[in-house]
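Q: Before I ask anything, here is the structure I am working with.
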Amino acid sequence: MNAHRSYRTYVLRHGRTRHSARHITDGQPAAPVRLDHVGQQQCRDLAATAGWLAEIESCVTSEFPRARETADLLLAGHAAHRVTDPRLNEIDYGRFEGRPWMEYGAWLRASDRHAIPPDGVESRDDAVRRMLEALRDCLSLPGPRLVVTHGLLLSILVRLAAYQPIDELALPEAPCVTPLAFPDARLSALVQRGLVELDSGARNPSGRASTGRYAVQVPPTSDLES
């Protein structure tokens with residue numbers, strides 16, 4: 001492989017689940033929430049029409065069953081190096097877990113993007129930062145690449161691509177299984193701009209250190225799915 005060749009990275013939100021259809025929060029990867037029949041069909045439809053899927057060399061997903069199932073359906077029959085990166089996980093909703101998203105949204109508007117929800121471990125900005133850092137690190141993998149993640153990251157990328165600030169709290173919902181495609185240089189620039197914006201608006205009144213709970217997991221070669 002030519003180390004200087006530019007590739008594309010395709011970033012998409014997982015297929016629909018019963019929770020996402022009802023706008024119920026699900027920020028715990030151990031929860032057994034899988035794609036519903038609509039979500040499975042969304043994946044099959046894209047797999048049947050997207051010729052670029054056959055060229056994917058690396059696939060990175062969050063830990064969540066819905067993300068990994070989406071990748072399984074999209075890449076069925078195609079060999080790709082598979083990586084699980086928990087930094088791509090859905091945001092931790094704390095006390096709002098399993099509740100209507102609007103309850104979390106109301107709390108977020110009354111607080112701010114730097115606040116950590118009750119019983120939670122991260123603010124919205126904390127989550128966005130780890131997601132962007134994970135996406136940046138994906139660029140070191142062989143391309144083309146498929147990244148299957150969650151709606152927040154997609155919404156942030158849309159704003160960055162439109163040169164809009166990412167501090168907006170009421171972001172439009174990202175559609176399921178609708179890929180955004182970025183050449184390497186473009187994605188690198190967007191991620192860097194997002195991280196700079198987070199740095200410029202960051203504040204940490206508690207002096208809280210990172211929890212370090214997110215570590216990349218690369219399965220052994222024998223466990224890689226094709």
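Readers should treat all values here as calculations from the given coordinates under stated rules, not as data from a laboratory. Because the structure is predicted, anything quoted here is derived from the model rather than measured. All Cβ positions, even for glycine, are placed from backbone atoms using ideal geometry, and neighbour counts span all protein chains on display.
Q: With Cβ to Cβ distances under 13 Å as the rule, what net charge do the other residues near ARG109 carry (K, R +1; D, E -1)? Intermediate values should be presented prior to the final figure.
A: On the way: positive: ARG113, ARG124; negative: GLU103, ASP112, ASP167, GLU168.
Once positives and negatives cancel, what remains is -2.
Q: From the square roots a ≥ b ≥ c of the eigenvalues of the alpha-carbon gyration tensor of the stretch 139-183, which class results: rounded (a/c under 1.5), prolate (a/b over b/c), or oblate?
A: Judged from the Cα gyration tensor, the stretch 139-183 comes out prolate (a/c at least 1.5, a/b above b/c).
Q: Also, I was wondering about something else. If you fit an axis through the alpha-carbon atoms of helix 37-49 and take the longest principal axis of the Cα set of the chain, what angle between them do you get, 0 to 90°, nearest 10?
A: Tilt of helix 37-49: around 50 degrees.
Q: Under the 0.36 nm per residue contour assumption, what length would be gained going from the current alpha-carbon distance of THR49 and MET102 to full extension?
A: Working: separation 53, 0.36 × 53 = 19.08 nm, distance 3.45 nm.
Value of the extension gain: 15.6 nm.
Q: Given an 8 Å cut-off on Cα distances and at least 6 residues of separation, report the relative contact order of the chain as a percent.
A: Values: 390 pairs, mean separation 72.0, N = 226.
RCO, the chain: 32 percent.
Q: Let me ask you something else. Just order 68-80, 31-43 by mean Cβ neighbour count inside 10 Å, highest at the front, would you? Please list the in-between numbers first.
A: Values: 68-80: 19.0, 31-43: 17.2.
Top to bottom by mean Cβ count within 10 Å: 68-80, 31-43.
Q: Based only on other Cβ atoms within 10 Å, what is the fewest-to-most ordering of PHE64, PHE182? Please list the in-between numbers first.
A: On the way: PHE64 27, PHE182 23.
The fewest-first ordering by Cβ neighbours comes to PHE182, PHE64.
Q: For n ≥ 4 DSSP H runs only, could you compute -39500 (n - 2.57) per run for the chain, divide by its residues and tell me the 222 nm figure to the nearest 500?
A: Working: 7 runs with 81 residues, N = 226.
Result for the chain, helices only: -11000 deg cm²/dmol.
Q: Of the listed peptides 49-61, 98-110, 5-17, what is their order by residue-averaged count of other C-beta atoms within 10 Å, with the highest listed first? Let's see the in-between values first.
A: Numbers: 49-61: 17.5, 98-110: 14.4, 5-17: 21.0.
Ranked by mean Cβ neighbours within 10 Å, highest first: 5-17, 49-61, 98-110.
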